[in-house]
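Below is one structure, written out as structure tokens; the observations come after it.
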Amino acid sequence: CSTSEVIHNGYVIDKQTLALAPVGSSREQVLMSLGSPSATATFDTEVFYYISQTRKRAVAFMKPTLVEQNILAVYFNKDGEVDRLANYALQDGRVVDMISRTTPTGGTELSFIMRLLKGGVNPAAAAQQLLGSNQNRRY
Amino acid sequence: AVIRQIDVRGADRIGSETVRSALTIVPGKDFSNADIDTSIKRLYATGFFSDVRVSVSGGTLVVVVNENQLINQIVFNGNRKITDEKLILLVKSKPLGPYSESMIEADLQSLRSAYADIGRSDVQITTQTAPVGNGRVNLAFVINEGDRTKIDQINFTGNNHYSATRLRSLIITKESGLFSFITRKDIYNEDKLRADEESLRQFYYNHGYADFRVLSSNAVLDPATNEYVITFDVDEGERYTFGPVNVESTVEGVDAAELQGLTESREGKTYRAKDVQASISEISKRVASAGYPFARVTPRGNRDMASKTISVDYLVDQGERGYVERIEIRGNTSTRDYVIRREFDLSEGDAFNQEAISEAKRRLERLGYFQTVNISTQPGSAPDRVVIIVDVVDQSTGTFGIGAGYATGGEGFILEASVEEKNFLGRGQFIRVSASGGAVTRNYNISFTEPYFLGYRLAAGFDLFRNENQLYDNYSYADQGFSLRVSAPINNDLSTTVRYNYKEVDYTSDNIRALSQPYQEVVKGSPWLTSSVSNSFNYNTLDTAILPHEGIVASITQELAGLGGDSEFYKLSGKARGYYTLSDEMDVVGSLSAGGGHVLSTTGKSLNVFDQFQLDSDDIRGFSDTGLGPRMRKNDDPLGGTTYFTVSAEVTFPMPGVPQDAGFRGGFFLDAGTLYGNDVKIKSGKPPQGVDMSLRASAGASVIWASPFGPLRVDYAVPFLREDFDIVQRLKFGISTSF
Amino acid sequence: CTSDPDLDITKLAAETDPPEQLYNEGLANLNAGKTAEAQRKFDALDRQHPFSEWARKALVMSTFMKYRSGDNEGAIQNGTRYLSLYPQTKDSAYVQYLIGLSYSKQIPTVTQDQRAAAKTIEAMLKVVNDYPKSEYVDDAQTKIRYARDQLAGKEMQVGRYYEERKEYLAAISRFRTVVEQFPNTNQVEEALARLCESYYALGLADEAQTAAAVLGHNYPDSEWYKDSFALLQSKGLAPRENQGSWISRAGKKLLLGES
């Protein structure tokens, strides 16, 4: 059996229902057929984005690599009807290396010792391990 | 209505000020009947008043109360097992709080259940009061703890396929025995009994008994002996094997035939609920990755009484389309958010897939960082959106151990101290520092593992070690170094590890002339350096780690030394051990194991002594460590060998005539093996003995004790096939490991 | 194990020292730094003269001392008991404020459960709403902002977790939560910059430009704006606000200062 695994993220495109949201259909019709969008704008003259990604993971421990990404953008005009549909695929996307800086946050950090004491010592496990480890000596 | 002032009567002890502050009515401000109601409720809520009457006459609000007696101090007398501090938390009555009959009755009940939880359900608790003047009274809970309530026997009726001892080993509740005061496993409580029923069901469902039912389970307390007798009445039903298995799909685009191969439950195999569960998860994983994440897989088993088979149909149908809006992680006071979130294969915004969630729950529980893991869902902001709530309760994963041990073969008594943390700083990392020493040995070890190295599912880590051993006459041995390792899962049972090892070996001797020539050279040339790379494959399907009943554990390792250092060799070694339950009724377990290895120099030059294999008393019982194999005649210095084979057959059974709870098992075994071939250059002196292959074998008996400190083991072996220069050691006592 | 001695309750007469003396002794011990002794005095006062004015003051002091000695749970319990016994007194504001402080001391780093942050906000809001004229209102507000920064920080933490894995959909919804629900926290600049990164990676140029434009409007000299500007620049794009996008609406809210 092949160890490679395919993972689908985000919106699941369904060929038939795509046809149910042609240009001119209303917002409710789009919501009914395509379901609630992945990223939206809440006000009227807005855009619905249906984002879906597909990844492949060659072997169980590897990071999945992005193999396919497409975004269906549904643009609405003033009176809430679809006036154009657009499709963005993986090649429209660009590789971004994230800024490594992060905004500082607060909060107290539990130190190692405090964690050990906070949890208390459970005697059975400690004793269990006491004799469990002295048999693997090799010369 | 509006009042000008409030007149409080009868609150001489509590003070009218407090009564006024509890009212929601203030002079000069308008108020309604509702205000009167809330004020009365608030006064009662304080618990200080047995009666409250509010009335309005003229411009004044009249509040008449009569006060409960007040508790001045609370004392617990006669409690030994539970401290006052813990008891005060259990009772609602508080110093300075009201003295009310109903509250004290509730306190008595919660105290009794606290004592029942620690196994003293026959505790007697009474109360005493002593007035202290102006309406205040001291309250004492007088506790007569009685002695521990034991469990005399646990019986089973209706179990004709599995013996009572076998079933008793499955459940948590145990009969009282020698060590119950440490293990505390003989304490009866209701939910432990429910958990026991569940483990019985799981056991039978996984051994073919699909119709198994626990008819009743009850515990009868005999007040005279203060002991419980627990009886489980079970109906095993028929033992089924799998009938025809097929997959049906109502989702177009999903081809059922292609999924057929994924089912674990193959026709003819004994029915096991585990296999059905595994098949469901495999099929739904395949269907999800084929682009149908909303599909649901539901099993339907139909029994055929005549042939005692269950045919299982897996129905794949379209679930409703729902998406995960958010994954909320709560309760993680020490484990970090990403350590939990990374166990989910699905992310926010993905299709909702119940199987992926149960898989994440199993993974989180397997981590061992949490007492409980509950995953629930709540409706999201849109009808097709769901919020997943992950509630975890962290548990202490650190252990600080100090202990003593004893091992035959000259090491004698050993002292050990260790600190281990499975979830270091909540980052999911493992760290362990340990030091141990005996009369002749010293061992120090630090090991660290990061399970998700750089975001990959790779467990990377390092070990630092130093071992000293003066067990031998005329020379002592020490080694130290480190190893860097990365291991990766291939599937649930198989994983592979790549390791770099750097080891300095140091032989010292204060009487070098007594040593044989190779050892003299080794001492003169010390310290030596071995720098090698190794790769191993580990396979493990044991059902439990301690005293397994079925499954196979095996590993094969190859090591190449020569990246610098003084050793250049290629070493291949492997070991496998399989367990099989010979008789379920008598709980007899057989196990077969085989091992072997070969080392050869990669440069044609000869090997060093410490490069060659050594066998110890675990590999072949009846012989001491380095007791067999090529050996110099002078000082009996062991040279080790280039090739070894070991084979062992063993059968274990519950020790007859010993109370079952003590966990004693007897066993017979037959070990055989050989260590031969020498590649160490011998410049002078008589040639070593035992270089050519000769089979050694021994037979013996052992006693295994599943003590609360881990399995202890005593083996007595008589070697019946041996060389006269081998070193025999018939008795071996120490810790038994399953591999 | 040591067991507690049995006491004969008949002899346990109610010791009655004058309340004022107990209170002053407690205060003296506190000033001398002997907190344990002071605590015992205040507890004795609480027990012997329940509901007296002195007992009420003692309860305030013992709440303060538990908070200062780091026993946050104890301080919260005492504080809540005080507020249930004496709801409208001149010290109620201070005690409510102490409860909020105790919760704020328990706020863990953003990778852990932020329940304590939510509790801090709840307690401090009571200070602001129930006791608007008390002198603790402005520090209560700083604590609320600090706690909201923490909640926003947690959203960002999870957002970055998803962005690192290129799961931009999940990342965008987390960063969006920060921009919409926590606009006046210190995290909003980074949230906008991360939104710009994520939309850009998806190829939705106009959303990326809008995010950068709103960031520019509100925080022109922010480090984050420089990064987003550079990112768009590298592909020949410039921050240009697409009026219709939700970000510009949220951005306007920032400008007008409504929160």
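What to note about this one:
- Note on segment B:89-228: Cα Rg divided by 2.2 N^0.38 Å, N the number of residues, gives 1.44.
- Counting only the Cα atoms, chain B fills a convex hull of 249 Å³ per residue.
- For segment B:339-465, the alpha carbon positions stretch 71, 27, 24 Å along the principal axes, listed from largest to smallest.
- Rounded, prolate or oblate (a/c below 1.5 giving rounded, otherwise prolate when a/b exceeds b/c) for segment B:1-159 by Cα gyration tensor: prolate
- The length gained on full extension between B:L215 and B:A439, counted as 0.36 nm times the residue separation minus their Cα-Cα distance, comes to 74.9 nm.
- Contact order normalised by residue count of segment B:542-583, Cα under 8 Å, 6+ apart, percent: 42
- Neighbouring Cβ atoms from other chains, within 10 Å of the Cβ of residues in C:106-119, number 6 on average.
- Gyration tensor verdict on segment B:534-646 (Cα atoms; rounded if a/c is under 1.5, prolate if a/b is larger than b/c, oblate otherwise): oblate
- Percent antiparallel among DSSP beta bridges (both partners in the protein assembly as shown, rounded to 5): 90
- Considering every alpha-carbon pair of segment B:135-184, the percent of pairs per 5 Å bin, from zero through the bin containing the longest distance, is 4, 14, 18, 15, 11, 9, 7, 6, 5, 4, 3, 2, 1, 0.
- Relative frequency of Cα-Cα separations exceeding 20 Å in segment B:478-547, percent: 56
- Label-to-label distance, B:R730 versus B:F482, with points set 7 angstrom from Cα along the beta-carbon direction: 4.8 nm.
- Our coupling estimate for segment B:136-151, obtained by passing each phi through the Karplus curve with A = 6.51, B = -1.76, C = 1.60 and θ = phi - 60°, is 10, 9, 8, 10, 10, 9, 8, 10, 10, 6, x, 10, 4, 7, 9, 10 Hz, Gly and Pro reported as x.
- Within 10 Å of the Cβ of each residue in C:147-156, the mean number of Cβ atoms contributed by other protein chains is 3.
- Relative contact order computed over chain C (Cα-Cα under 8 Å; 6+ residues apart), in percent: 9
- Stokes-Einstein D for chain C, Kirkwood Rh over Cα pairs, 37 °C, 0.692 mPa s (µm²/s): 151
- Rounded to the nearest 10 degrees, the inclination of helix B:33-46 to the longest alpha-carbon principal axis of chain B is 50 degrees.
- Pairs of Cα atoms nearer than 8 Å and 6+ residues apart set the relative contact order; for segment B:392-545 it is 13 percent.
- Dimensionless Rg/Rh of segment B:194-283 - Kirkwood Rh, Rg from C-alpha atoms: 1.23
- Scattering curve values for segment B:304-347, log₁₀ I(q)/I(0), Debye with Cα scatterers, q = 0.15, 0.16, 0.25, 0.32 Å⁻¹: -0.65, -0.68, -0.98, -1.16
- Separation of segment B:78-125 and segment B:411-457, taken as the distance between their Cα centroids, equals 42 angstrom.
- Cα-based helix-to-principal-axis angle, B:101-117 vs chain B, degrees rounded to 10: 10
- Kirkwood-based Rg to Rh ratio, segment A:1-101, C-alpha trace: 1.07
- Those residues of segment C:114-148 whose amide nitrogen sits under 19 Å from the label point placed on B:I389, 7 Å along Cα→Cβ: C:114-120, C:122
- Converting the Cα gyration tensor eigenvalues of the protein assembly as shown into ellipsoid dimensions via √(5λ) gives semi-axes, longest first, of 60, 46, 33 Å.
- Overall, the ratio between the Cα radius of gyration of segment C:114-220 and 2.2 N^0.38 Å, rounded to two decimals, is 1.25.
- All alpha carbon pair distances within segment C:27-108 were sorted into 10 Å bins beginning at 0; the resulting P(r) in whole percents reads 20, 52, 26, 2.
- Note on segment B:270-318: the C-alpha convex hull projects to 3.5 nm² when averaged across all orientations.
- Centre-to-centre separation between the Cα atoms of segment B:369-404 and those of segment B:475-509: 35 Å.
- With Cα atoms defining each centre, segment C:172-205 and segment B:218-238 are spaced 63 Å apart in the structure.
- Peptide A:65-78 has a mean shielding of 2, counted as Cβ atoms of other protein chains within 10 Å of each residue's Cβ.
- If you bin all the Cα-Cα distances of segment B:23-63 at 5 Å, starting from zero, the percentages per bin are 5, 21, 35, 23, 11, 4.
- Counting 0.36 nm for each residue step from B:D51 to B:T165 and taking away their Cα separation leaves a gain of 34.9 nm.
- The calculated FRET efficiency for the pair B:E248 and B:L425, based on their C-beta separation and a Förster distance of 51 Å, comes to about 0.55.
- Proportion of all alpha-carbon pairs of segment B:172-236 beyond 12 Å (%): 72
- A Förster distance of 51 Å, applied to the separation of the beta-carbon atoms of B:T544 and B:D7, puts the FRET efficiency at 0.10.
- Selected from C:S198, C:S228, C:S173 as most flexible by GNM, with chain C as the system and alpha-carbon contacts under 10 Å: C:S173
- Over segment B:254-297, equivalent-ellipsoid semi-axes from the Cα gyration tensor in Å: 21, 11, 6
Where a number appears in this text, it was derived from the coordinates with a stated rule and is not lab data. No experiment lies behind these values; they were computed from the predicted model shown. Glycine also receives a Cβ, built like all others from the backbone with ideal geometry; neighbour counts cover every protein chain displayed.
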